Structure formats: structure tokens, C-alpha cells
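Read-outs: derived from the displayed coordinates by stated rules, not from any lab. Predicted, not measured: the structure shown is a model, and the values here were computed from it. Quick reminder, even Gly has a Cβ in these numbers, built from the backbone with ideal geometry, and neighbours come from all protein chains shown.
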């Protein structure tokens, strides 16, 4: 499958059959998220071709994502800060409430905004090098991309508060035990094979599964209007 979606250079798109693999492509920056990348992620997940059955979020280099690109951190007034945060929310909601199941293939740093991005996926597969942290609290920042909702839904409020207040890191095994991933594997490529097996489920089953998880008692989220228009 070869389709051009006009993505920025910070993202690379490949295909494994009917599985789309979207790769964060800023290895020199540990795949830190700038606005161009976040907007590219939103564009990708809101323009998925109809025959895509699943998607994988992957990363070039040794790290999944080190969070916000601090070199682009700017002073903003309250309104501008709110609008910037909403842009991140909008992009990550396109993943969570989109038409296909999304697997995040984690390795190295899954930190700050990187953890927010991973938390928007439906399945998280970590390799042995993965570690998790929310260092915003140590830098006088606050999670602005949805972590205050998604991460407690995965690991609980107390554990998230501990990460924010102490700067603690979880390794791959600790992260899985806490609920930040469903699997720890030796080979990152297994996540693609896992997404293929999941993509073989009937379309209505996939839609019902991802939709019901966002309606569960542990995730009291309002579903955006666009998420109610499912593929037939």
C-alpha cells in the first residue's frame, strides 16, 4: 500500500499489509514532540484510508518519545496556553477515538508527553529498555496533553501523583505491573505482528471494543462527535 498523506519529515509512514506503521522520526531529539509532529499525528489519524485495519505507533532510534521539545517551550498567556494544550488533546483524541485499534511500540524513554501519547493508544507493547516518567512536576510544568485523565485511568491517581511529585522512574517490568503497558517483549517487531492478529477481528468487533473501553466506568470521557461516525 502506498498512500501520501503529506506528513512532516518528523514522521515516517510505512505499511505492513493493512497495518499502518507511523514512526516518530526525530532520533537526535529522542523523538521529542514539537507542534509540527503533534499536528502531523492528528492529520494522520483523521485521514486514515478506509482499508486500514490497525495502526502502530513506533519510533526511530533508541527512544519512543522524550516528551515535549523543550527548545520550543515558549512563554504563553493563559489563552494561548489553553489553545496549545487543546491542540495536543485534539491530536491524541484522534488516536483514542479513531476508527482503528492502535498499538504503541515502546522502547527507551516514554516520558512526559511521550507517556501521554502512549496512553492514547489502545495497546502498549514495551521492550526491555523502556522506562516511564512524568518529570513535568520537577520542572514547574503540568501535564497538558491528557495525562491527567489517561494515565490515572491506567495506573491510578496515587501512582501518577508519585511520578509527578518525586520524579520517580518505572522500568519496563514495573510499568507493566502498574498498568502502563500490557506486554513486555524482547523484540519491538512483535508489536506489528500482534497488531496484525488484532486486525483480523471483524470491523464491528474492533469498533465495539475500542468504543466500549472509552465508555467504561474507569474512563468517564465524553466521546467527541466525530468518533460516533464509524466505518462500515
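Between residue 157 and residue 72, what length in nm is gained on full extension when 0.36 nm per residue of separation is reduced by their alpha carbon distance?
Fully extending the segment from residue 157 to residue 72 adds 27.7 nm.
With labels modelled as points extended 7 Å from the Cα through the Cβ direction, what inter-label distance (nm, one decimal) is found for residue 47 paired with residue 12?
2.0
Counting other beta carbons within 10 Å of each Cβ, put 148, 71 in order, fewest first.
Fewest to most other Cβ atoms nearby, the residues stand as 71, 148.
What distance in nm lies between label points placed 7 Å from Cα along the C-beta direction at residue 35 and residue 86?
Taking the two extended label points, one gets 1.5 nm.
Counting other C-beta atoms within 10 Å, which of 14, 23 has the fewest, and how do the rest follow?
14, 23
Taking the number of other C-beta atoms within 10 Å as the exposure measure, put 18, 62 in order starting with the fewest.
With the fewest neighbours first, 18, 62 line up as 62, 18.
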